[in-house]
1. Failed condition for G38, given (1) surrounded by fewer than 16 Cβ atoms within 10 Å (Cβ to Cβ); (2) within 27 Å of W291 (Cα to Cα); (3) of a type in the set (G, A, S), with all others met?
2. Which residue, of R289, R245, is on the phi < 0 side of the Ramachandran plot, open to solvent by 20 Å² or more (accessible area, probe 1.4 Å) and modelled with pLDDT of 95 or more?
3. Return the residue satisfying two criteria in turn: it lies in region 127-161 and is in a helix (DSSP H, G or I) and of a type outside the set (D, E), and of such residues it is surrounded by the most Cβ atoms within 10 Å (Cβ to Cβ).
4. Just need a number here: residues in region 77-89 that are part of a helix (DSSP H, G or I), open to solvent by 10 Å² or more (accessible area, probe 1.4 Å) and under 11 Å from Y262 (Cβ atoms).
5. Given the condition part of a loop (DSSP other than H, G, I, E, B), closer than 16 Å to I219 by Cβ and over 16 Å from the mean Cα position of the chain (by Cα), answer yes or no: does some residue in region 52-67 qualify?
6. Give me the pairs: first residue in region 260-282 and closer than 14 Å to P75 by Cβ, second residue charged (D, E, K, R), beta-carbon distance under 8 Å, and six or more apart or on different chains, which are they?
7. I need the full set of residues from region 188-203 which are open to solvent by less than 10 Å² (accessible area, probe 1.4 Å) and over 23 Å from S315 (Cα atoms), in order please.
Amino acid sequence: MPIDVSPIRAAEFPVSSQYLYFNHAGVSPLPASAAEAGIRAYRRSRDEGAMPIRHWEGLIQETRGRFASIVGASPEEIAFVKSTSEGLSFVAAGFPWKEGDNLVTTNVEFPSNIYPWMRLQTRNVEVRMICAKDGWTRKEDLFAACDGKTRLITLSSVEFLSGFRNDLSSIGEYCQKNGIFFCVDGIQSLGVLPMDVKSFGIDAVSADSHKWLMGPDGIGGFYISRDVMDMIEPVILGWHSVKNRFDFDKYDFRMSPDAQRYEPGCMNTNALTVFNASMELLLSTGIDRIWERVRMLTDLIFEKARESGYEILSSEKPEDRSGIVTIRIPRVDNAALWKALQNRKVMCASRNGGIRLSPHFYNTPEEVEAAFDILREEKDKL
């Protein structure tokens with residue numbers, strides 16, 4: 001059943017009364033319920049200090065369960081991280097590399113999914129970077145770069161510049177058949193595109209919450225499969241990393257049997273409160289239904305771009321699509337045009353020499369029409 005967004009917009013997204021907000025691939029506005037949950041949490045900290053520790057533990061586990069539901073995992077396979085970069089770095093630094101090993105990635109990744117791997121070159125691990133064609137990577141090129149020394153493939157679920165959606169299922173199947181670890185930067189898909197790490201054959205996913213998951217900066221989720229958990233050594237340790245974490249009087253260096261081994265210390269419970277509320281809204285709405293609506297909105301963006309004679313830098317093939325559409329307006333300085341759109345309260349991004357639009361489920365066709373009207377007006381001024 002399609003989503004009736006009118007009551008959701010009114011209750012949850014006051015941002016829509018001020019902006020045409022199409023920058024969810026950058027930073028999403030917080031839903032009102034999530035912001036209010038955060039305010040209550042800070043007030044509780046102010047008024048009660050550390051008294052509600054049982055409440056915190058319950059909150060942490062509830063949030064862990066919600067992130068597990070979004071990626072299709074069990075809560076025991078979920079840890080919380082400060083950023084996408086942190087989770088990816090856990091894999092890069094903790095993997096049992098041997099001299100002469102290699103990993104395969106692409107040259108259109110966000111730097112978060114490049115720098116942790118490039119550092120491995122100091123350990124004589126080769127980073128094989130496939131050149132994208134037309135802004136996205138062919139999986140056949142990816143596979144051709146692999147050999148008997150390839151230990152890991154790392155990709156974004158959705159590429160941040162073009163919005164190209166990688167074929168995670170086929171790549172995961174290839175990795176499983178060839179004994180290759182499959183690591184995914186999920187920040188540009190979680191919350192808008194359905195994810196099933198088990199059926200996709202993914203070993204690890206990391207994603208901050210501030211984009212499509214509509215949470216705050218500085219908190220995110222890290223999935224690591226039980227099948228490979230013992231392979232990835234925790235590189236940052238603390239009191240929370242061990243099995244008997246609350247036995248402060250006895251040192252017992254046995255690692256936590258689950259993904260909490262990657263959480264070295266105290267949780268950012270206030271941020272988790274907001275993240276939890278954001279995921280509650282997404283899950284109650286339904287990720288499948290969210291994607292259905294976002295796909296409808298991106299259909300309209302493609303249509304308006306074609307009608308206007310703009311260059312479309314994103315693939316229009318259904319299997320390649322995501323919530324991102326990047327367009328380039330010919331014979332115009334697109335960076336100047338982006339600044340003009342910002343001044344008119346059309347929130348989007350300047351990427352790849354063009355304009356990147358990324359609607360979420362609460363956006364409307366009328367907002368898309370209005371954004372293109374403003375784009376045309378500002379283009380004609382330049």
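The values are calculated or read from the model by the stated rules, or taken from the named source; none is laboratory data. Computed from a prediction, not measured in an experiment: that's the story for all the values here. Every residue, glycine among them, receives a Cβ derived from its backbone with ideal geometry; neighbour counts consider all protein chains shown. Just so you know, the surface numbers come from the protein's heavy atoms only, side chains and all, with ligands and any DNA or RNA stripped out. Shrake-Rupley method; radii C 1.70, N 1.55, O 1.52, S 1.80 Å.
1. G38 satisfies every listed condition except (1).
2. Being on the phi < 0 side of the Ramachandran plot, open to solvent by 20 Å² or more (accessible area, probe 1.4 Å) and modelled with pLDDT of 95 or more holds for just one of R289, R245, which is R289.
3. L142
4. Within region 77-89, residues that are part of a helix (DSSP H, G or I), open to solvent by 10 Å² or more (accessible area, probe 1.4 Å) and under 11 Å from Y262 (Cβ atoms) number 2.
5. Going through region 52-67, the residues part of a loop (DSSP other than H, G, I, E, B) turn out to be 52.
Filter again for closer than 16 Å to I219 by Cβ, leaving none.
No, region 52-67 has no match at all.
6. What qualifies is Q260/R245; N276/E62; N276/R66; M279/R66.
7. Hits for region 188-203 are V197, G201, I202.
Residue by residue, here is whether (1) of a type in the set (F, W, Y); (2) crowded, with 21+ Cβ neighbours inside 10 Å; (3) touching a Leu at 6+ places or on another chain (Cβ under 9 Å); (4) touching a residue at least 12 places away in the same chain (Cβ under 8 Å) holds:
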site	(1), (2), (3), (4)
I8	no, no, yes, yes
Y21	yes, yes, no, yes
P29	no, yes, no, yes
R44	no, no, no, no
